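Please read the structure below before turning to the comments.
The values are calculated or read from the model by the stated rules, or taken from the named source; none is laboratory data. Since this is a predicted model, take the numbers as computed values, not measurements. Ideal geometry is used to build each Cβ from the backbone, glycine not excepted, and the neighbour counts take in all protein chains shown.
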Amino acid sequence: MNKTSYVPPKVWQHAVPSGGQFANINRPTAGATHEKALPIGKHPLQLYSLGTPNGAKVTILLEELLLLGHLDAEYDAWLIRINEGDQFSSGFVEINPNSKIPALLDRSVEPAIRVFESGSILLYLAEKFGQFLPADPAGRTQTLNWLFWQMGSAPYLGGGFGHFYAYAPEKLEYPINRFTMETKRQLDVLDQRLSESPYIAGDSYTIADIAIWPWYGLLVRGDLYGAGEFLCVDQYTHVQRWAEEIANRPAVIRGQRVNRTWGEETSQVAERHQASDLD
């Protein structure tokens, strides 16, 4: 194992950037860095986001709702370029003081409701439209169990494994080993669960699947961090089956393209303001 001579100081100070792909936007303080109002479109729901796994959760759910005929789920999806610090504008911070995408403004009510944290947005929309969240107490609780599992687990995958494996300025053995072990444990949790039921929360497709798939589904399909072989994802056969089935849903295909600015050109729809933007 690599040795280090680093000794933490008695009091930590933010003296130099930490390095890595996102060093230019990392800082130890909260709040807006500049004044800028957010744009407002014509639809009831205004989404401010980027097509990362957390952003894709919300656009997938919105596209699922629209395909079910919920016309009030029409939305404007505005691009927030996190590498450029858009999430630190005064307008964005007003909706989400934590300065993380996605953030949602529901203008169908007065006063408008501000919703942030992807799991909270999924729950809010599921309850608002009465879809993808079972009404019975047992089914609802099971769904929320797994929704909150994702919210608590994915930081180990993204900020832990993803950061040190793919984005850190140098490869360090200890954190990569630590977070690889945890990521594989989480995949095993999902694989055992999906050996018992077709979907995460049971027999029905719910917001639990919508929350988990953009992280763990993309991971086992080789579309996240390029780490499929490293993690031996082929061994998680039940997760593989589930991931492929969800990947073929029309709303999932559409939702993944929204606020996406990388990859194949046909997969990119930087902003979505009407359904035809995805045609």
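Just so you know, in the stretch 189-212 the residues that are in a helix (DSSP H, G or I) and in contact (Cβ under 8 Å) with a residue 60 or more places away in the chain include one that is nearest to Ala247 (Cα to Cα), and it is Ile210. The set of residues in the stretch 23-41 that are touching a helix residue (DSSP H, G or I) at 6+ places or on another chain (Cβ under 7 Å) and hydroxyl-bearing (Ser, Thr, Tyr) contains only Thr33. For the stretch 38-84, the set of residues classified as closer than 17 Å to Lys100 by Cβ, in a helix (DSSP H, G or I) and of a type in the set (Gly, Ala, Ser) consists of Gly55, Ala56, listed by residue number. Scanning the stretch 227-276 for residues being part of a helix (DSSP H, G or I) and crowded, with 16+ Cβ neighbours inside 10 Å gives a total of 14.
Selection within the stretch 118-162: residues that are of a type in the set (Ser, Thr, Tyr) and under 23 Å from Leu68 (Cα atoms). The member of this set that is surrounded by the fewest Cβ atoms within 10 Å (Cβ to Cβ) is Ser120. Scanning the stretch 82-130 for residues that are in contact (Cβ under 8 Å) with a residue 12 or more places away in the chain and touching an Asp or Glu at 6+ places or on another chain (Cβ under 7 Å) returns Ser90, Phe92, Ser108, Val115. Somewhere in the stretch 199-209, is a residue under 20 Å from the mean Cα position of the chain (by Cα) and farther than 30 Å from Asp136 by Cβ? No, the stretch 199-209 contains no residue that is under 20 Å from the mean Cα position of the chain (by Cα) and farther than 30 Å from Asp136 by Cβ. The condition of being in contact (Cβ under 8 Å) with a residue 40 or more places away in the chain and touching a helix residue (DSSP H, G or I) at 6+ places or on another chain (Cβ under 8 Å) holds for Phe161.
Entry remark, the stretch 50-72: residues being more than 15 Å from the chain's Cα centre (by Cα) and buried (at least 22 other Cβ atoms within 10 Å of the Cβ) number 3 in total. Please indicate, with yes or no, whether at least one residue in the stretch 203-218 is charged (D, E, K, R), surrounded by 21 or more Cβ atoms within 10 Å (Cβ to Cβ) and in the same structural domain as Thr180 (by TED's automatic domain parsing). Within the stretch 203-218, one or more residues are charged (D, E, K, R), surrounded by 21 or more Cβ atoms within 10 Å (Cβ to Cβ) and in the same structural domain as Thr180 (by TED's automatic domain parsing).
The residues on offer are Val109, Val93, Val115, and the sole one that is closer than 14 Å to Ile207 by Cβ and either modelled with pLDDT of 95 or more or surrounded by fewer than 19 Cβ atoms within 10 Å (Cβ to Cβ) (or both) is Val115. Output yes when any residue across the stretch 170-189 is in contact with a strand residue (DSSP E or B) (Cβ under 6 Å, 6 or more places away or on another chain) and either modelled with pLDDT of 95 or more or surrounded by 18 or more Cβ atoms within 10 Å (Cβ to Cβ) (or both), and no when none is. Within the stretch 170-189, not a single residue is in contact with a strand residue (DSSP E or B) (Cβ under 6 Å, 6 or more places away or on another chain) and either modelled with pLDDT of 95 or more or surrounded by 18 or more Cβ atoms within 10 Å (Cβ to Cβ) (or both).
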